[in-house]
Amino acid sequence: MPFKRVVITGLGALTPIGNTVQEFWNGLSAGVSGAGPITKFNAEKFRTKFACEVKGLDVNQFIPRQDARKMDPFAQYALIVADEAVKDAGLDLTKLDLTKAGVIWGSGIGGLKTFEDEVKTYATGDGTPRYNPFFIPKMIADSASGMLSIRYGFYGVNYVTVSACASATNAMIDAFNFIRLGRLNIAISGGSEAAVTEAGVGGFNALRALSERNDSPETASRPFDKDRDGFVLGEGAGALILEEYEHAKARGAKIYAELIGGGMSSDAYHITAPHPEGLGAVNVMKDALNDAQIGPEDVDYINVHGTSTPLGDFSEATAIEKVFGEHAYNLNISSTKSMTGHLLGAAGAIEAIACLMAMHHGVVPPTINHFTDDEQFNPNLNFTFNEAQKRPISIALSNTFGFGGHNFSVIFRKLES
Amino acid sequence: MSDIKSKVIAIIVEKLGVEESEVTMEASFTNDLGADSLDTVELIMEFEKEFNISIPDDQAENIGTVGQAVTYLEENVK
């Protein structure tokens, strides 16, 4: 039985540079930075005192207070973006076969704030356990997909992938596989993360993973720049409605693009460091191209993982040259993390949306904050530094790599009208 | 209204998101005020915290209405 085709019919975004897909795209194409001093807690004693926070969000506009207080922020974010995506897709829930509608979500960590608050309350008490009955259901990462399935009455497969910063892409590939196998007609996929917390910042600081450019937060995320010094922690969410092509066509849905391939690999090397020669990155891009049945020369744009860490950016650029050969120099490459910061388990979701919007508009969003060339990188690689570039995009690839050596890539193709 | 009663009502309004007018002494947490089993556990914990007492499980099981909570607390809070 041949695989079914899978298309994207709805999008939702909540990011440090825009709280809807449209606002997000406006920020991306204009090259806006979402970084600023941390407002969520007093970061005075932390090595890093800034992050890319979601701004101006009134959760109660979207979720009644009574329901919202039983959700960690990462689950609230999931609900907000899923609502936007379901609405964008024009889904009539009364007309769907709900047993073939699923939710496969991604989150690298889950309810970190909830965990911190509850444990702190216990640790500062007299030893009497007074854990809130909602502690565990709020904290566990799969609560996001559970909440979404309840909200829309989707009776199909429902779970959350936990593969660090690759979680959302992992989720999309799983949803893609279920739909092309005919096991689902439609899935809400994507990811959400809300780790700008004391433990989140403190923990990543301890790993020396974060930029410490406290005197200039908005220029701190500078992927592929010589003076990059680590990633900038971000938060937010992205949702994508994945749908079987004929199902989408039959209901007259708007189609953003087709998801044509998913790549999966493991570094099998180190729990946090990338493989120095980008072995896992090479394998995952090759696997994605192979799955999509296209050649390297067919790709126009790569939205890279590019977190602005010294090692990670180098190994990814090396991997691109190995996989794409001469065509590497014809590609547009950009790291939108230069603007959004690193949304960890949600990164793959908002970066997939960046790819889809880039295809839709024929505009490649930039890698902002480029000040100094790094001689490590071949000058013929086009990282789309500082300003967006116009370019018709037929095929875009998005990379995400996670601590633990998890690598996932997805490839989208514009449908010919 | 006793101090205990007004505090109990305030906790229920806050935790269950109901109108104060709905919180009558006869109102059942689950049947009238929309609480599920976890909400009920949370309410008992809030009462314990607010009034600085410990309510044993076998006692907590008998607290199903607003009035039962008020009566229990009035009898047991020092």
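Structural remarks
- For the pair A:K249 and B:T30, label points projected 7 Å from Cα toward Cβ lie 5.2 nm apart.
- If you run the Gaussian network model on chain A, springs between alpha carbon atoms under 10 Å, then out of A:G362, A:G127, A:G263 the most flexible one is A:G127.
- Under 28 Å, Cα to Cα: Lys pairs in segment A:245-376, sequence gap 8 or more or different chains: 4
- Segment A:391-417-segment A:274-331 distance, computed between alpha-carbon centres (Å): 10 Å
- Cα-based shape type of segment A:1-416, given that a ≥ b ≥ c are square roots of the gyration tensor eigenvalues and the cut on a/c is 1.5: oblate
- Most positive-pole-ward Cα, A:A257, A:Y245, A:V323, against dipole of chain A from beta carbon charges: A:Y245
- Net charge dipole, segment B:1-76: roughly 160 debye, given to the nearest 20, about the Cα centre with Cβ charges of +1 for Lys and Arg and -1 for Asp and Glu.
- Its Cα centre serving as origin, segment A:279-385 has a Cβ charge dipole (Lys and Arg +1, Asp and Glu -1) of approximately 280 debye.
- DSSP-loop GluC sites (Glu not before Pro) across segment A:10-99, with at most 13 other Cβ within 10 angstrom: A:E44
- Under the shape rule built on the C-alpha gyration tensor, where the axes satisfy a ≥ b ≥ c, segment A:1-108 is prolate, since a/c reaches at least 1.5 and a/b is greater than b/c.
- Between the residues B:F47, B:V18, B:G64, the greatest Cα displacement towards the positive end of the dipole of chain B, with unit charges on the Cβ of Lys, Arg, Asp and Glu, is found for B:F47.
- Each Lys and Arg contributes +1 and each Asp and Glu -1, all at the Cβ; summed about the Cα centre of the protein assembly as shown, the dipole is approximately 1060 debye.
- Per-residue Cβ neighbour counts within 10 Å put A:H361, A:H406, A:H247, A:H270 in the sequence A:H270, A:H361, A:H247, A:H406, beginning with the fewest.
- Restricting segment A:136-238 to trypsin sites (Lys or Arg not before Pro) in coil, as DSSP defines it, with at most 12 other Cβ within 10 Å: A:R208
- Looking at chain A, the DSSP beta bridges with both ends there are about 65 percent antiparallel.
- Cβ-derived FRET efficiency at R0 25 Å, A:R47 paired with A:E387, nearest 0.05: 0.20
- Listing A:F134, A:F401, A:F412, A:F383 from fewest to most neighbouring C-beta atoms within 10 Å gives A:F134, A:F383, A:F412, A:F401.
- Each part gets one Cα centre, and for segment A:188-264 versus segment A:13-51 those centres are 12 Å apart.
- When chain A is treated as a GNM with alpha-carbon contacts under 10 Å, the residue of A:A349, A:A43, A:A168 showing the greatest mean-square fluctuation is A:A43.
- Residues B:I63, B:I53, A:I302, ranked from the fewest to the most other C-beta atoms within 10 Å, line up as B:I53, B:I63, A:I302.
- Long pairs among B:K7/B:K78; A:K45/B:K15; B:K5/B:K78, criterion Cα-Cα beyond 23 Å: A:K45/B:K15
- Built amide H within the under 5 Å cut-off of A:S163, gap 5+: A:S107
- A Gaussian network model of chain A, with springs between Cα atoms under 10 Å, assigns the largest mean-square fluctuation among A:D300, A:D72, A:D215 to A:D215.
- The relative contact order of chain A, computed from alpha carbon pairs under 8 Å that lie at least 6 residues apart in sequence, is 24 percent.
- Backbone phi angles across segment B:39-56, fed through the Karplus curve with coefficients 6.51, -1.76 and 1.60 (θ = phi - 60°), yield HN-Hα couplings of 4, 5, 4, 5, 4, 4, 5, 5, 4, 4, 5, 4, 9, 6, 10, 10, 9, x Hz in residue order; Gly and Pro are listed as x.
Quick note: the coordinates plus some simple rules give every number you see, no bench work behind them. Remember, it's a predicted structure, so these values are computed and weren't measured experimentally. Please note: Cβ atoms are built from the backbone with ideal geometry, for glycine as well, and neighbour counts cover all protein chains shown.
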